[in-house]
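Encoded as C-alpha cells, the structure appears first; notes follow it.
Taken together, the values in this text are just the output of simple stated rules run on the coordinates, not laboratory data. All figures in this text were calculated on a predicted structure; none of them were measured in a lab. Methodologically, a virtual Cβ is constructed for each residue, glycine included, from the backbone with ideal geometry; neighbour enumeration extends over all protein chains shown.
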Amino acid sequence: MKYFFTGIFIISFFAVVFAMPVFALTISPAKLEITGDPGTTINSEFELFNEQLDSKILYSSFSNFDSDGETGAPHFTASDTGLASWIKTDSSISLASNEKRTINFSVTIPKDAEPGGHFAAIFWGTQSPESQDGGQVSIGGKLGILVLLRVSGYVKEGSDLLGFGAKNNQKIFSTLPISLEYRINNSGGDRIIPTGQVIIRNLKLWNTATLLANKKIGSVLPGSVRKFEVVWGNNQLENDKKVSNSGFLTSAMYQLFNFHLGWYSAELSVVIAQDNEPIKKSFSFFVIPWQLLSIILLLFILFGGLGTVGLKRYNRWIIKKATQKT
C-alpha cells in the first residue's frame, strides 16, 4: 500500500509538471537580443496568445538569470538590481479566448551600467506577484521571454577551450552514433557564441563527416563554463540507441547498415572570441563493430569447415573412380 500511494504521488507530480504548458499561453519570440548605450531607454515588443477557451488575467514579473551548471539552462533569481529592475511593462493584462496581443516594454539603462551582457526574463502567469513569497522566483505556471541586453562600451574578453573528446572519455565504440564533447570557459563580460566545425577522418585521412560545432547556436554566459555536445551519426539518437543497444543480432544488423570500422580522428576547430583565429583540438578513437565481425567470422569458419569436408569427399571420390578404372 505504501508503494501504491508513492506511485500515485509520483504520477500526480509529473502530471502537474507536464500539465503546466497546457496553461496554453504562447509567447513570441522566446528570446530577444537588444543593444543600448548607458543612460538610454530601449523600447521593444513581443506577442502573447491565449489559446484556452476562457479568458485569462495575466500578471508580469521579472527575474535576472545566469547559467545553471554546464548545461546552458538558465537559473532564475529574483532581484531588485540588474536588468530585471530596468524593465517596465504592464503589471497585468486580460486576454480573451484565442486573443493575440502585442505587449510593449521598455528597458531604461542606468548611466553607470557596466558595459557587457545583462540577462533577465519577463514572466507572465495567472498568479499575482504580490501573492508570491519573496526570495526566489516561482516558475511554475508561468511563461517567459528571455531578454539578452548588451550595454555598449569596452567589454573585457576572456575565454578558454577546456578539452575535447568523446563522452565519458570513451575510446572504443561498436557503432554510431558517437557523442563528442567540448567545454568553454567564459571569463569575459559578455556572452560567447562559439562557431566552427568538427571534422571526422578515417585511417586514410579522408573526410568521413563534417559536423557543426554549435548547431543549436548556444551561448556561454559571463563567469560560467558550458559543455557542448556534437553527435556523429543519426540525429534521431533515441531510436538509434534503442536499436544499437538491443539484442546481439539486432545490433549486428544495425552495424551492417551503418558500417564503420577502424581508427578515426576527430578535429575540433572553433572560434570563441571576436577576430581571433580558430582554436583546434583533436583526439583519436576506434570503431569496432564486434557483433557483426563475430557473425562474419563464424560464417567464415562454418563455410571454411564445410568447404574442407567437401574437398576431402571430392578427393576420395576422384581416387575411388581412378581406382575402379585401373
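Say R0 is 25 Å: what FRET efficiency, to the nearest 0.05, do LYS167 and LEU146 get from their beta-carbon distance? Working from the Cβ atoms, E equals 0.35. Phi angles across the range 176-191 convert, under the Karplus curve 6.51 cos²θ - 1.76 cosθ + 1.60 with θ = phi - 60°, into 3J(HN,Hα) values of 7, x, 10, 9, 9, 9, 9, 10, 10, 9, 10, 9, x, x, 9, 6 Hz, Gly and Pro given as x. Taking a label point 7 Å from the Cα of LEU297 along the Cα→Cβ vector, which residues of the range 262-276 have an amide N closer than 19 Å to it? Within reach of a label on LEU297: 262-263. Distance between the pseudo-spin-label points of GLN52 and THR208 (7 Å out from Cα toward the beta carbon): 5.2 nm. Rounded to 0.05, the FRET efficiency of the PHE286 and LEU256 pair, given R0 = 22 Å and the Cβ-Cβ distance, is 0.75. Between LYS100 and GLN274, the simple label model (points 7 Å from Cα in the Cβ direction) yields a spacing of 3.5 nm.
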